[in-house]
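What follows is a set of notes on a single structure, which appears directly below.
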Amino acid sequence: MTYRIRAARDSDLKPLYEMAKLTGGGFTNLPPDRTALTAKLERSAAAFARDDDTKADDLFVLVLENTETGEVRGTCQIFTHVGQSYPFYSYRLGTLTQHSKELGRTFRADMLGLTTDLEGCSEVGGLFLHPGERAGGLGLLLARSRYLFIAKHRARFADRVLAELRGIIDEAGGSPFWDGLAGRFFGMNFQDADQFNAVQGHQFIADLFPKHPIYTAMLPETARAVIGLPHPSGRAAMRMLENEGFAYENYVDIFDGGPTMIAKTDAVRTIRDVQTSTVVATDFDGGDQALIASGRLADFRCVYGDVRACTGGVVISPTVARALEIIEDATICHVPRV
């Protein structure tokens, strides 16, 4: 069975909505709201249709498709420059050190400061794989396809890229971080705030969030304990990001306190190691397992497959060629599967 990554289409609204209902909350980039998802698909279609390489506030939505059945079984998103239409807020965890000569003691206090430091970065997010497909490395295919897309359209992306991981959500669907901090200023629970943000945007944060640093010692232990921790379902994603060169730099999500991972775009391993080759033949099975991509913008395709170097380029299998929709003399980019 072959799966490929391709550009999302308007007809993908139904499977995206069905997957959104499976996320369990706290997944802002994939809200279970048809209107919000339709808006995302429209914005993505406009980004795919724009063929120049100037920088803009673009969103690209990709989907994982079973090439045999046509079913959509996963999705991911790429934002070219966050914070262009409205501020991109994060909390940054910092430390204030003070010394009392009279007491002979040094005091260190952790503080959360509201910041827009990450404005202008690119973002990879919105990754969701259907529970029935969580085997065979498909999550890694979804994740790494975004980096190949960036590599093929490098001029449209920033010099830094971030990924926000979902924070700790309790069994009732609430967020200890939200309840201990932001919820006190908004008068709404986490589910309502998360849904409002996903559908209406961030402006209410600018209107109501406290602008002064908050001492974490003033928060309940339940909130302090989850700062910078990923949701259990996101631990594998965090490891994948770390393997690509992302690092946690004390920025956390303002809703659930989950970690924000950051990397220099050109230092991301998949982008750094990508190779570009000409396809000499499409009738070969065997070779080195690789992540392979072809096409620009709406014609972008990405699959797992075998690549073998030869004189003048590489050879690939007929299955890979069909999934990528290419023939001999096409150009592909590829990177070893890990």
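The values are calculated or read from the model by the stated rules, or taken from the named source; none is laboratory data. Just so it is clear, the model here is predicted, and its values are computed rather than measured. Backbone-built Cβ (ideal geometry, glycine too); neighbour counts: all protein chains shown. We work out accessible area using only protein heavy atoms, side chains counted, and drop any ligands, DNA or RNA first. Shrake-Rupley method; radii C 1.70, N 1.55, O 1.52, S 1.80 Å.
In this label model, Asn66 and Thr222 are separated by 4.0 nm, measuring between points 7 Å along each Cα→Cβ vector.
Under 19 Å from a label point set 7 Å out along the Cα-to-Cβ vector of Thr278, the amide N atoms of the stretch 317-338 belong to 317, 321, 326-334. Filter the cross-link list Lys55/Lys211; Lys14/Lys40; Lys152/Lys264 down to pairs whose alpha-carbon distance in this structure exceeds 23 Å. Check vs 23 Å cut-off fails for Lys55/Lys211. Summary: within the chain, the longest segment free of GluC sites (Glu not before Pro) located in DSSP loops with at most 11 other C-beta atoms within 10 Å is 172-338.
The HN-Hα couplings worked out from phi for the stretch 179-194 by the Karplus form 6.51 cos²θ - 1.76 cosθ + 1.60 (θ = phi - 60°) are 4, x, 10, 5, x, 6, 9, 10, x, 9, 7, 5, 4, 5, 5, 5 Hz, whole numbers, x standing for Gly and Pro.
Which FRET efficiency, nearest 0.05, do Arg239 and His99 yield, Cβ-Cβ r, R0 30 Å?
Once rounded, the FRET efficiency stands at 0.15.
Remark: the Glu171-Ile214 segment gains 12.8 nm on full extension, using 0.36 nm per residue and subtracting the alpha carbon distance. A simple spin-label model places pseudo-atoms 7 Å from Cα toward Cβ; at Arg160 and Arg308 they are separated by 4.5 nm. Computed from backbone phi, the HN-Hα couplings of the stretch 251-265 come to 9, 10, 5, 6, 8, 10, x, x, x, 9, 9, 10, 8, 6, 3 Hz, rounded to whole numbers (Karplus: 6.51 cos²θ - 1.76 cosθ + 1.60, θ = phi - 60°; Gly and Pro given as x).
Once the chain from Lys21 to Ser85 is taken as fully extended at 0.36 nm per residue, the excess over their C-alpha distance is 20.3 nm. Rounded to the nearest 20, the size of the Cβ-charge dipole of the stretch 143-287 about its Cα centre is 520 debye, with Lys and Arg at +1 and Asp and Glu at -1. Other residues whose C-beta falls under 15 angstrom from the C-beta of Asn243 contribute a net charge of +4, scoring Lys and Arg +1 and Asp and Glu -1.
Farthest toward the positive end of the dipole of the chain, out of Leu229, Leu64, Asn29, is the Cα of Leu229, where the dipole comes from beta carbon charges about the Cα centre.
Qualifying trypsin sites (Lys or Arg not before Pro) in the stretch 66-109, where qualification requires a DSSP coil assignment and no more than 15 other C-beta atoms within 10 Å, comprise Lys101.
Amide H to amide H distances under 5 Å link Arg6 with Val63, Glu65, where only residues 5 or more positions off or on other chains count and H is placed in the peptide plane. Given their separation in residues at 0.36 nm each and the Cα-Cα distance between them, Asn189 and Asp53 gain 44.8 nm when the chain is fully extended. Accessible surface of Leu16, taken over heavy atoms with a 1.4 Å probe and every protein chain present, rounds to 10 Å².
Dipole magnitude for the chain: computed about the Cα centre from +1 point charges on Lys and Arg Cβ and -1 point charges on Asp and Glu Cβ, it is near 540 debye. A cut-off under 12 angstrom between Cβ atoms defines the neighbours of Met218, and their net charge, with Lys, Arg +1 and Asp, Glu -1, is 0. Using θ = phi - 60° in the Karplus curve 6.51 cos²θ - 1.76 cosθ + 1.60, the 3J(HN,Hα) couplings for the stretch 220-236 round to x, 4, 4, 7, 4, 5, 10, 5, x, 9, x, 4, x, 6, x, 5, 5 Hz; x is entered for Gly and Pro.
For the stretch 221-305, the Kirkwood hydrodynamic radius from C-alpha pairs, put into Stokes-Einstein at 20 °C and a viscosity of 1.002 mPa s, yields a diffusion coefficient of 133 µm² per second. The mean of 1/r over all pairs of different alpha-carbon atoms in the chain, once inverted, gives a Kirkwood hydrodynamic radius of 21.2 Å. Model label points for Arg43 and Ala135, set 7 angstrom from Cα along the Cα-to-Cβ axis, are 3.6 nm apart.
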